[in-house]
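Just so it is clear, none of the values below were taken in a lab; they were calculated from the coordinates. As the structure is a computational prediction, the values presented were derived from the model and not from experiment. Neighbour counts run over all protein chains shown; Cβ positions are idealised from the backbone, glycine included.
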Amino acid sequence: MKTAVLNKGKEDKYLNQYPLIEEEDIYRQDRLEEGDLFQLLTSKNTFIGVGYVGRQHKGLGWILSYQKDDEINQAFFEQLFEQALETRQYYYQIEGTNAFRLFNGEGDGLGGLTIDSYDGHLLIQWYSIGIYQFRDSILEAIKQVFPFRSIFEKTRFKHQSIKGGWVEGEKPEFPIVIEENFTFYNVHLDDGPMTGIFLDQKEARKKLRDYYSEDRKVLNLFSYTGAFSVISATGGAKTTSVDLANRSRPMTEENFGLNGIDPKSQNIFVMDTFDFYKYAERHGLTFDTIVIDPPSFARNKKKTFSVTKNYPQLIEGALTLLNAKGSLILSTNHSAYSLKAFKNMVKKTLDHEGIAYQIDEVMGLPKDFKTHPHFKPSKYLKLIFVTLQ
Ligand code: SAH
């Protein structure tokens, strides 16, 4: 097997089970290529673990095992999947939810691969050419271990000829309808990188419905298919959804319809968020709850938006539309934005405005998005619920 030798002093990090092998930590390597298995060694040539090469935006690859003689084959993957399935039993048993993550990359012991179940229709996401080299044995292992009606795949790396699509089982017509917290949503597994719903926000959606919706006017910014709006409306809110993309309107209307809510009873704006702030101010629109869940980066006309730079402006704009005792639900999925930095930014922005508020709750990923205890970026989702006093 090929080897990669660490720089002196870097061994502790990996002996402490940091799962991502970083290029700059490597002193010498055999010519490692995508999909290669290799032994990670200390500068004194002591074995640490077996990894595979799979370059994503960061890192050379991921650790697979700390056992020298583990064979990386179908049986190895089956064992990982069985453990993952075991910890998802809760989701098979509860009522009102049939979509959840079955396997969450490094959190479940194999970076670069995720598997979601949308009411039994599995979605595999391959994050590098390297992990894709193991496709045959991983697919066989998936078929052995996970219950499924069909299997789809998406590639999250660029390649001329490798594209995702339908793999196995009964090929459904899209959209399929999934249920989450007794609410219904349309899902497309064959349409671009997104599916119609972000499963990692399931607990935030529930909290919004249960505590921040009844008899409230709720504004949902960066609303995409309106998932936050729809669940909020089922909790008794009158909602306003704002998204720049034209497709957001029909997709949001359909999601309302699935839940027996007349889309005409709700407001949908296809508009830039900052333009909406001006529009709302001009028209005297105000809200009791404002949800802000932006993409990490976005470009609109000549403006660019980045969560790490522009979040304060989003909050300031929202405050001008927020009623007394209103609430903000602030979210970011940017893995490089730490919870600490995000929290500090929120506090600083609110303090600067000189208003009294309380932080009701700080939330992260739901438990199906299992994270790795020694790898902070795996806890990428951060939500802060704030109420004005
Ligand atoms: N909050 C959504 C997910 C947001 S995905 C949910 O929970 O489902 C990001 C969305 O932001 C996309 O739909 C994109 O069209 C929208 N978007 C990007 N830039 C925007 C802008 N400047 N104003 C409004 N929407 C924007």
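Looking at the chain, the DSSP beta bridges with both ends there are about 65 percent antiparallel. Remark: spin-label model distance Lys158-Gln83 equals 3.5 nm, labels positioned 7 Å along the Cα→Cβ axis. Ranking of His159, His334, His188 by neighbouring Cβ atoms within 10 Å, starting from the fewest: His159, His188, His334.
Our summary gives the chain a relative contact order of 11 percent, counting only alpha carbon pairs under 8 angstrom and 6 or more residues apart. Calculated FRET efficiency, Phe174 to Lys8, Cβ-Cβ distance, R0 = 45 Å: about 0.25 to the nearest 0.05.
Each residue of segment 17-32 was assigned a 3J(HN,Hα) from its phi angle through the Karplus expression (A = 6.51, B = -1.76, C = 1.60, θ = phi - 60°), giving 6, 5, x, 8, 8, 9, 3, 6, 8, 8, 8, 8, 9, 5, 4, 7 Hz with x at Gly and Pro. The ranking of Tyr127, Tyr337, Tyr52 by Cβ neighbour count inside 10 Å, starting from the fewest, reads Tyr337, Tyr127, Tyr52. Were the residues from Lys343 through Ser265 laid out at 0.36 nm apart, the gain over their Cα-Cα distance would be 24.6 nm. Once the chain from Glu214 to Thr304 is taken as fully extended at 0.36 nm per residue, the excess over their C-alpha distance is 28.9 nm. Per-residue extension of 0.36 nm, minus the Cα-Cα distance of Glu23 and Glu316, leaves a gain of 101.5 nm for this segment. The lysines whose alpha-carbon is closer than 21 Å to the alpha-carbon of Lys302, local same-chain residues fewer than 8 away aside, are Lys278.
Excluding same-chain neighbours fewer than eight residues apart, the lysines reachable from Lys44 by a Cα-Cα span under 18 Å are Lys2, Lys8, Lys10, Lys13, Lys68. Quick check: Cα centre of segment 207-260 to Cα centre of segment 356-389, how many Å? Segment 207-260 and segment 356-389 have Cα centres spaced 21 Å from each other. Highest GNM mean-square fluctuation among Ile162, Ile290, Ile178, for the chain modelled with Cα contacts below 10 Å: Ile162.
Rg and Dmax over the alpha-carbon atoms of the chain stand at 22.5, 69 Å.
Where Rh is the Kirkwood radius over the Cα pairs of segment 258-389, the temperature 4 °C and the viscosity 1.567 mPa s, what D in µm²/s does Stokes-Einstein return?
The calculation lands on 79 µm²/s.
Calculated mean residue ellipticity at 222 nm for the chain: -8000 deg cm²/dmol, from DSSP H runs with n ≥ 4 weighted as -39500 (n - 2.57), summed, divided by the residue count and rounded to 500.
Under 5 Å between amide hydrogens, built in the peptide plane, is the criterion, and for Val291 it picks out Leu219, Asn220, Leu221, Ile329 among residues at least 5 positions away or on other chains.
Here Phe182 and Ser335 are evaluated by their C-beta separation; at R0 = 22 Å the FRET efficiency comes out at 0.10.
Be a star and scan segment 349-389 for residues whose amide nitrogen sits under 18 Å from the point 7 Å along the Cα-to-Cβ vector of Lys58. 365, 370-383, by backbone N distance to the label point. For Gly61, the amide hydrogen comes within under 5 Å of the amide hydrogens of Ile21, Gly54, counting only partners 5 or more places away or on other chains and with H modelled in the peptide plane. Relative contact order of segment 25-105, taken over Cα pairs closer than 8 Å and 6 or more residues apart, is 16 percent. Computed from Cα atoms, the angle from the helix 135-145 axis to the main principal axis of the chain rounds to 70 degrees. Spin-label model, Asn73/Ser137: points 7 Å from Cα along the beta carbon direction are separated by 0.7 nm.
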